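These notes concern the structure reproduced below.
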Amino acid sequence: MKSYTDITNKTDSSYNDLKTDKALEFSESVVIITNIKGIITYVNKKFEDITLYKKNEIIGKPVYTLSSQKQNPEFYKDFWDTLKTGNKWSGAFHSRKKNGEYYWCNSNVFPVKENSQLIGFISIETDMTEEKKLIDINNDLRYQLSEQDKIASLGLLTSGLIHEIYTPLSFIKSNADYLNKKIHQFENISIHDINDCKDVIKDINEGISNIEHLVKELKGYVYDMKPNITIEKFNLIDIINNILFITKNEYKYHSNIELHYDDSIKHDIIGSPSKIKQIFTNLIINSSHAIREKYKDENTMGLISITIIKLAEFYMISFKDNGIGISKNTIPNIFNPLFTTKKKGIGTGLGLSIVKEIIEKNYAGKIQCKSKKNVGTEFKFSIKINNK
Ligand SMILES: Nc1ncnc2c1ncn2[C@@H]1O[C@H](COP(=O)(O)OP(=O)(O)OP(=O)(O)O)[C@@H](O)[C@H]1O
Ligand SMILES: [Mg+2]
């Protein structure tokens, strides 16, 4: 990702030149420059539009005037510690406008150095109030749904996805801004600048491809999850890969996944893809929770291993993890509706009862569970293949 390192090593006079730079003044991002003590020495036009402060009202004031002071103390400590050691700080800042209204912004704060001495800071911010509202609404929605319905897992997945979509979007925004700034300097553009712009365009395209890929996968997931059960031709491996992609945020930080199958599984089968997705989504989320619980204080990656073999007119599936496991006394209860060992808001206890019902009623199969506390869990199940 392109960073603004080119403005962090300015001499004192060119640092001051930044304040008369037209590209900064009319940038679509909020720009704030402070001295080393955090006293505001410059703000641009966008800053006035968003915060409602006029330049002459805020210049000379400490930058914390703009902070809501509502983020936790460690947050502010990390912010200042990072900057004072000469590093760039990036993150979401909860700020306060002149009229007392709060807003969220995505900030990139760069230390400015002169002869390796820190002389001030430049903050480039984009307003993210709308995105933050979306995430909050999604979190509320997720909680309400988890009280009522297994579809809660969809809420859980989408908040992760909003984050994944927002990340490339925020660097697309800041890169586009950088290009805009460069374009204003076109009359004396150098080869170095042209190469910089090429790099930035490459980053923008990469961000767009990431979003495109996510949205395409999400479309496939939502389409197959529509309430009317459709019976259609589908490929089991494609469906599992789609689920692994959609649930990635759930497991990627603590689990690796292996998928084993041979060529006999590659043919299309007939059935309800949404039901198959429900089976795998539930099992992956359960295993991911079990692994996270087991390795919570360690930096170890767990393993979820899915193996599919064909036996006569059935697919036999083994779904195994090396998570926290289930005690002997608990195993007989796990398929009962509403049985859960998880905290309120995390589990409703419906997942495995739904999985069992789908396997038995929709796919004429059977499911069993073998588990050992602190070693891991294996679900073995069969689904009848219908290919006509
Ligand atoms: N892979 C696993 N490893 C360890 N325990 C598991 C595993 N899968 C299920 N369990 C246990 O079985 C219980 C029931 O699982 P189930 O999926 O039905 O409900 P849940 O995960 O608690 O809630 P949800 O309705 O959100 O799925 C869990 O609470 C957990 O104790
Ligand atoms: Mg579950």
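The values are calculated or read from the model by the stated rules, or taken from the named source; none is laboratory data. A quick note: this is a predicted structure, and the numbers were derived from the prediction, not measured. Ideal geometry is used to build each Cβ from the backbone, glycine not excepted, and the neighbour counts take in all protein chains shown.
Side notes on the structure shown:
- Identity of the residue in the stretch 340-364, part of a loop (DSSP other than H, G, I, E, B), touching a helix residue (DSSP H, G or I) at 6+ places or on another chain (Cβ under 8 Å) and modelled with pLDDT of 85 or more, that ends up nearest to ligand 2 (Cβ to nearest atom): 342
Yes/no matrix, rows are residues, columns are (1) surrounded by fewer than 13 Cβ atoms within 10 Å (Cβ to Cβ); (2) modelled with pLDDT of 80 or more; (3) not assigned by TED's automatic domain parsing to the domain that holds residue 185:
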position: 7; (1), (2), (3): no, no, yes
position: 10; (1), (2), (3): no, no, yes
position: 15; (1), (2), (3): no, no, yes
position: 36; (1), (2), (3): no, yes, yes
position: 56; (1), (2), (3): yes, yes, yes
position: 67; (1), (2), (3): no, yes, yes
position: 75; (1), (2), (3): no, yes, yes
position: 78; (1), (2), (3): no, yes, yes
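- Of the residues making up the stretch 27-67, those that are outside any helix (DSSP H, G or I), closer than 21 Å to residue 86 by Cβ and either free of Cβ contacts under 8 Å to residues at least 24 places away in the same chain or not hydroxyl-bearing (Ser, Thr, Tyr) (or both) are 31, 32, 33, 35, 36, 37, 38, 39, 40, 62.
- Only a single criterion out of (1) under 17 Å from residue 373 (Cα atoms); (2) modelled with pLDDT under 90; (3) within 13 Å of ligand 1 (Cβ to nearest atom) is not satisfied by residue 296, namely (3).
- Residues of the stretch 312-338 that turn out to be hydrophobic (A, V, I, L, M, F, W, C) and free of Cβ contacts under 8 Å to residues at least 12 places away in the same chain, as a count: 1
- Residue identified as surrounded by fewer than 20 Cβ atoms within 10 Å (Cβ to Cβ), in the same structural domain as residue 238 (by TED's automatic domain parsing), away from ligand 2 (no atom under 16 Å from the Cβ) and over 25 Å from the mean Cα position of the chain (by Cα) among 296, 266: 266
- Every test in (1) part of a helix (DSSP H, G or I); (2) more than 9 Å from ligand 1 (Cβ to nearest atom) is passed by residue 287 save one, and that test is (2).
- Set side by side, the residues 324, 354, 308, 346 differ, and just one is of a type in the set (Val, Ile, Thr) and near ligand 1 (Cβ under 6 Å from one of its atoms), which is 324.
- Conditions (1) closer than 19 Å to residue 375 by Cα; (2) crowded, with 18+ Cβ neighbours inside 10 Å: number failed by residue 358: (1)
- Against the numbered list (1) closer than 25 Å to residue 371 by Cα; (2) modelled with pLDDT of 85 or more, residue 233 comes up short only at (1).
- Filter result (within 20 Å of residue 233 (Cα to Cα), part of a strand (DSSP E or B) and of a type in the set (A, V, I, L, M)) within the stretch 365-388: 383
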